[in-house]
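One structure is given below, encoded as structure tokens.
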Amino acid sequence: MTTDPVKNFLEVAVTAPVNKPLTYLAPDECKKRLKQGMRVLVPLGGRKITGYILGRTDTAPVGQQIKKIYKVLDNEPLFPKEQVDFYKWIANYYHYPIGEVIKTALPAGLTKKSGRRIKITDAGKKHLAEISESAITGTPWFSSLLHKGAISPHAAAGLWRTKERGLLELWEQKGWVAISIELVGGTAKTKNETCCALAENIDNPDSLKVSEQKTIAVLQKIASATKRRFVPRREITLEYRGAGKALKSLAGKNIVIFEEQQVYRDPFGDSFLQSDIPETLTDEQKKALSSILPAIKEGRFAPFLLHGVTGSGKTEVYLQAATFVLEQGRSVLLLVPEIALATQLEAHFLARFGSRVALLHSGLGSGQRFDQWCRIAEGKADVVIGARSAVFAPLKNPGLIIVDEEHDSSYKQDDGFRYHARDLAVLRASRSAAVVILGSATPSVTSYYHASMGKYSLLDMRKRIEERPLPAVEIVNMQSVKTIAGRPPVFSPLLIKNLQDTLERGEQSLVFLNRRGYANFMICRDCGQAAQCAHCQVSLTLHRSENKLLCHYCGFTVSSKTVCANCQSPSLTAIGVGTERLEHELPEILPGARIARLDRDTCRKRSDYIKILRAVHKGEIDILLGTQMITKGHHFPNVTLVGIVLADTGLGLPDFRAGERTFQLISQVAGRAGRGEKSGRVIIQTFQPEHYSIEMARNHNYQGMYAREIELRKALGYPPFSRLANLKIEGTDNDYVRDKAFRLANMAKKFCKGTEPEILGPAPAPLTRLRDNYRWQLLIKGKKLEALHTFLHRLEGEIGGLSKAGKVRIVIDVDPEYML
């Protein structure tokens, strides 16, 4: 029997802005063991970077010198060969380099590349030390070289892109510095620690020293309590400080054995929520499962849109479906839009499935994420809960993919690789013959349209558990509320009275404002100029507790005691309201009330978030106020009042989805009220009480909102009646960026056939300057998806030419969620 000859050439996706795989030669010594999905180090443009093997080929590009791979980085593939086509499809759809797609799909820290380390020589110390101190000022890299003796690869990479490169190369020629190439990155790995165990037979333990006998006793005690033979050395020395030296001597006497074992970095910590299995399901839950379970049993792709009002029991449908999938020997993936929601759902899934659950999201440390990824890849975990990037989890044989709060815009990555996790979840399910459930109380207009057209099966759950009523909603027109010193108050009299009444009854309240900080901006009373970010064309937000003005886009800060940049006047006054101001004013209105704030300023770690939620569940907090973090997924049985301070903040955005998002946000936070035995109430404060999104939210009328939105979008030709791509042109020189934007628009119009696709722009982006970059946009609107992508592929070559000089960056954002 003859075997097929091993093909000599490899298709490699490199981690660089290269749109297509590159061809490399497989070295003879490792040719046979190379497989799809393995990492290799390859030469590219004078450096070495990580690449991923996509396949083999007999032929190489004509007229090119084919280089050999430099090094094989894996013994086994990091992803199965079935994933290669998945990654290729994604790269093609989002017009993004396939190597960068794969890099995103894998845990951070797996990418290696070559870097330059610059060291000063003895001759360099002599000559460079004579340079005056004034020359060093403003050049930290030179000071580092002179005083520390070296420049790190990370710092050198930045210098190599500037004019300083020529200077350093000159110094190398003169022998003043030595420049070496070394591999950097690739920090992800398992963590090991030294563990100890007693040997099988211990001779004459009475002859041992007292410290040795005590060490053995401690080891035996811990081993017995934890039912482990090998005990980490750190646990023994923590209990008995003298154990370190004693363990070494015991090992020398062959009484104690040392062994390096992998440390599992637990991501779950202490869960404060309980999850009980209900004795009976509601009729609507049973009906939903009667559609879902047969599709799972048949092992076929079936997309469902589960439209269930807040408190209708969607989570239990997820859990029952997941249980059934696991019984079939397949795995489960649950996506949530943000870490906050992952914490809620993980408790329910941990209670049902225990150690089978793995967690993947950015709130974990890099080591924890790597350990979780390995557990999934090795088949030790077959239930995965995670945020956006978990859609790439290396699950074996997925049978069910759940996208909770499917309408949430957080599923769309807004920089770098701009993918939409919900859409990729549907794609992955179709390629795996799996069921996908898109769940929401307020589905996206696009998803609901797909359900109405038969693309998804619609499952309705319109009643709350135990048929509890949806909360009564009342709207306060803030235009009619009496002003204080010429300004409307933050809290209306009606909201204040309801907060007082709720507090007196021993019940809890939520107060929602989708704006963090103390005030929106600081304005000069003398010249009227607002304090602006030095790097963005946006106002700085006052964060009073930290005495700073902060840019929420780039992180730039100045002291809140600053003077006006325009006229140097110190007379700055705070305008607007944020969650920090609510926290400041509420104690004056309700003295004695226990108040907590939940936003990104108070919850920078997972433990901060859990601490606040635990206090709410224990009844230690009377009023919880916050941003979007309090709107979704929470089940607080004693919360009977929800106050929405400024319900219309999003309606002024230049975005065709503004009305839809406002309805969703109000409906979601309103759904936190009255989920227990007591009925709930919602107070909505707004300056636009007659806007349809607010009116529909008051009546819990999703169908009414959808009918209005779908009519508007059909008339304007927006999704779901078209597909969009936003071309973003950015650079530090506004005139240059504008010129390239118009050149790109002219090229695009030449490629158009008739009116398809439609080219809108170019125009300055609503946020004209961010992070020192001026921004222009070109919106492409197409009725046919295939024609739109054919057009974009033709345009890609022109984009490469326009951005080649490096003065502008042009990004293709397919299916954009925001166009700011």
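Quick notes on this structure:
- With neighbours defined as other Cβ atoms within 10 Å of a residue's Cβ, the residues Asp601, Asp28 order from fewest to most as Asp28, Asp601.
- Distance between the range 510-567 and the range 610-689 - C-alpha centres, whole angstrom: 26
- Entries of Lys548/Lys605; Lys497/Lys678; Lys68/Lys396; Lys191/Lys245; Lys20/Lys396; Lys297/Lys455 with Cα pairs more than 30 Å apart: Lys68/Lys396
- Protection proxy ranking, highest mean first, for peptides 441-449, 388-396, 413-421: 441-449, 388-396, 413-421, where packing is the per-residue count of other beta-carbon atoms within 10 Å, averaged.
- Among 756-762, 474-480, the order from most to least packed when residues are scored by Cβ within 10 Å on average: 756-762, 474-480
- Nearest-20 debye value, the range 9-106 charge dipole, Cβ charges on Lys, Arg, Asp, Glu: 260
- Viscosity 0.692 mPa s, temperature 37 °C, Stokes-Einstein D of the range 283-463 from Kirkwood C-alpha radius, µm²/s: 204
- Only helical runs count toward this figure. For the chain, summing -39,500 (n - 2.57) over DSSP H runs of n ≥ 4 and dividing by all residues gives -10500 deg cm²/dmol at 222 nm.
- The convex hull built on the alpha-carbon positions of the range 379-489 has an orientation-averaged projected area of 12.8 nm².
- Largest-first principal axis extents of the Cα set of the range 687-738 (Å): 50, 30, 15
- Overall dimensions of the range 9-106 by Cα: Rg and Dmax, Å: 12.5, 37
- Measuring r between the beta carbons of Ala565 and Phe687 and using R0 = 35 Å, the FRET efficiency lands at 0.70.
- Alpha carbon centroid spacing (whole Å) that separates the range 296-324 from the range 393-411: 12
- Checking every one of the GluC sites (Glu not before Pro) in the range 682-750 against DSSP loop status and a limit of 16 other Cβ atoms within 10 Å picks out Glu690.
- Overall Cα dimensions of the range 517-577, principal axis frame, Å, largest first: 26, 23, 18
- Hull volume in cubic angstrom per residue (convex hull over the Cα atoms of the chain): 255
Each value in this text was obtained by applying a stated rule to the coordinates, not by laboratory testing. Nothing here was measured: the structure is a model prediction, and the numbers come from that model. Glycine also receives a Cβ, built like all others from the backbone with ideal geometry; neighbour counts cover every protein chain displayed.
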